[in-house]
Amino acid sequence: MVKMSQSVPTWGDTPLTNPPTPQQLYQMQTHLDLVLLASECLIPIDADMLLQAALDLDVNTTLVEKVHLWSNRDTTQENHPLNSFTVEQLRSLILILCYINQQHQELIRRAVTLLEQMTVQHKDPAQTTLLGNYLENFKDFYSKRADHPKLLPNQQVELASKLLIDLLFYSEDNGYDRLWLALLDYRS
């Protein structure tokens, strides 16, 4: 088991002086939803993995049930589990997600390297097994989420590729900070 080399931040380390508005919170949740979607498309995330990460990080395990509901992909916008998260729960979910991505950093790095190679060679990334599976999972899961904007197939591939690269950054030791700051950008 890989342990995060950084200390787990406490909520007081990066206080929110201005809580997000409901619209900003929605945008933060939507972005986190996409990061979670991309992670799940590459890494076989299941409830046991989420629970173990929560236990390893000493994070409230009730989040695991909400995230597991999310992974079923059959929820509507009104009852989407991430929509009921508080800022503190989002931060806990970020910890869990970055922890899992860090445990699978080698796989993420291999996928990003392969994506770069295919791009340089002007080849379709879906021709490779790893990226083909990731992109197919992404398209399938993305299309089942009614609350995401409809995208053309090439736009879905672009989004999936961008998110894959983001996962590499979120799998680093400071991944939590990077993802949290990316979400906070929606407040500006």
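In region 122-156, the qualifying residues are those that are more than 18 Å from the chain's Cα centre (by Cα) and of a type in the set (Ser, Thr, Tyr), and the one that is farthest from residue 43 (Cα to Cα) is 128. Checked against (1) more than 16 Å from residue 45 (Cβ to Cβ); (2) part of a helix (DSSP H, G or I); (3) under 16 Å from the mean Cα position of the chain (by Cα), residue 98 passes all but a single condition, namely (1). Just checking, does region 120-127 include any residue being under 15 Å from residue 163 (Cα atoms) and surrounded by fewer than 19 Cβ atoms within 10 Å (Cβ to Cβ)? The answer is no, given that none of the residues of region 120-127 is under 15 Å from residue 163 (Cα atoms) and surrounded by fewer than 19 Cβ atoms within 10 Å (Cβ to Cβ). Yes or no: residue 21 farther than 21 Å from residue 106 by Cα, of a type in the set (Val, Ile, Thr) and modelled with pLDDT of 55 or more? Criteria met by residue 21. Quick check on residue 113: is it at pLDDT 95 or above, among the polar types (S, T, N, Q), under 18 Å from residue 41 (Cα atoms) and in contact with a helix residue (DSSP H, G or I) (Cβ under 8 Å, 6 or more places away or on another chain)? Criteria not met by residue 113.
The values are calculated or read from the model by the stated rules, or taken from the named source; none is laboratory data. Just so it is clear, the structure is predicted and the values come from calculations on it, not from any experiment. Note that we place each Cβ from the backbone using ideal geometry, even for glycine, and neighbour counts take in every protein chain shown.
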